[in-house]
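Asker: Pasting in a structure now, in structure tokens, and then I'll have a few things to ask.
The values are calculated or read from the model by the stated rules, or taken from the named source; none is laboratory data. The structure presented is a predicted model; accordingly, all values stated were derived computationally and were not measured. Cβ coordinates were reconstructed from backbone atoms using ideal geometry, including for glycine residues, and neighbour counts include every protein chain displayed.
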Amino acid sequence: MLVLAACKASGQKEQSPKNYNLSTPSKFLMPESLFEVSGIAFYKYNPDTVYAIQDEEGKFFRLAWGVKKQDHSKFGKKGDYEDVTIVNDKVIVLKSNGSLYSFPFADRFAEDIDSTQEWKKILPEGEYEGMFGDDSTDNIYIICKNCAGDDKKQAVTGYIYHMGDSLMPAGNFSIDVNQIKTLTGKVKRGFRPSALAKNPVNGYWYIISAVNKLLIVTDSKWQVIESVELNGNRFNQPEGIAFDKNGNMYISNEGDDLTQGNILKFIRSAK
């Protein structure tokens, strides 16, 4: 059964997904180098270090929560990089055209990484922004934002790859946009996801869309169970999402003329 969790009309209390209060985050303002922060990730759900990319430079950043000083490693040329994940002790970076870049996590302290491997044209032609690596299976999930093979007003397709000694196809998945419409009334311009992550506490998928200003939650079979409108004043341009081992949720936002790039942390409650 679908659970209605969309924001109520103006003047009423802001709504949030179960176990989270989206109105009371901790905010980590990004340094200038991460003004256009895109994807974020943790290593084995450990929040001691935030790993991040931004969408112009081929750099892999690392920061301690709340400390603006950042260190980074250069892994590639300038480009439109959208998301990052760490799986099987490898860092995987997603480019908007669907190309993937990988290098050993152990190389993160190098100033210049010379071991980067690139995979081109492994995904159908389109625009991609969201990716998640599951350490329990070594599977990588990539969701399409805008692909010719999708009618984004009806369904959004995702692709699964297994990261072993090499990268191998392992299936696909789909999200029924009509299930989102049941909760929100309509989805303008179709559903266009910008990031996804799996919550280690409940096993659900959390998928955000900067275009739609939505956060949706699905079960393990990709059935939509919640859809929450995101407050545009708080979520300027949500481009990344990650969870720590306690199920606390982190959402990154790119900056603009009036707002610094930031990461918002939402503590998971028992209720």
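Asker: Can we say residue 178 is surrounded by fewer than 16 Cβ atoms within 10 Å (Cβ to Cβ), more than 23 Å from residue 123 (Cβ to Cβ), free of Cβ contacts under 8 Å to residues at least 40 places away in the same chain and not charged (D, E, K, R)?
Answerer: yes
Asker: Only residues in the range 252-271 that are in contact (Cβ under 8 Å) with a residue 40 or more places away in the chain count as the first member; pair them with residues that are in a loop (DSSP other than H, G, I, E, B) and acidic (Asp, Glu), Cβ under 6 angstrom, at least 6 apart or cross-chain, and list the lot.
Answerer: 254/36; 261/254
Asker: Select from the range 160-209 the residues that are within 24 Å of residue 247 (Cβ to Cβ) and basic (Lys, Arg) and list them in ascending order.
Answerer: Once the filter is applied, which keeps residues that are within 24 Å of residue 247 (Cβ to Cβ) and basic (Lys, Arg), the range 160-209 yields only 198.
Asker: Kindly establish whether residue 158 is surrounded by fewer than 17 Cβ atoms within 10 Å (Cβ to Cβ) and under 20 Å from residue 119 (Cβ atoms).
Answerer: No; evaluated as a whole, the condition is false for this residue.
Asker: Do any strands (runs of 3 or more DSSP E) lying entirely in the range 21-64 carry at least 1 residues that are surrounded by fewer than 17 Cβ atoms within 10 Å (Cβ to Cβ), and which ones are they?
Answerer: Output list reads 26-29, 46-54, 59-64.
Asker: If you check every pair at least six apart or on different chains, which have Cβ atoms under 7 Å apart with a residue in the range 110-128 that is under 17 Å from residue 161 (Cβ atoms) first and a residue that is among the acidic types (Asp, Glu) and modelled with pLDDT of 95 or more second?
Answerer: Listed pairs, sorted by first residue: 128/82.
Asker: Could you tell me which numbered condition residue 115 fails, if it satisfies all but one of (1) of a type in the set (Ser, Thr, Tyr); (2) more than 20 Å from the chain's Cα centre (by Cα); (3) surrounded by 15 or more Cβ atoms within 10 Å (Cβ to Cβ)?
Answerer: (3)
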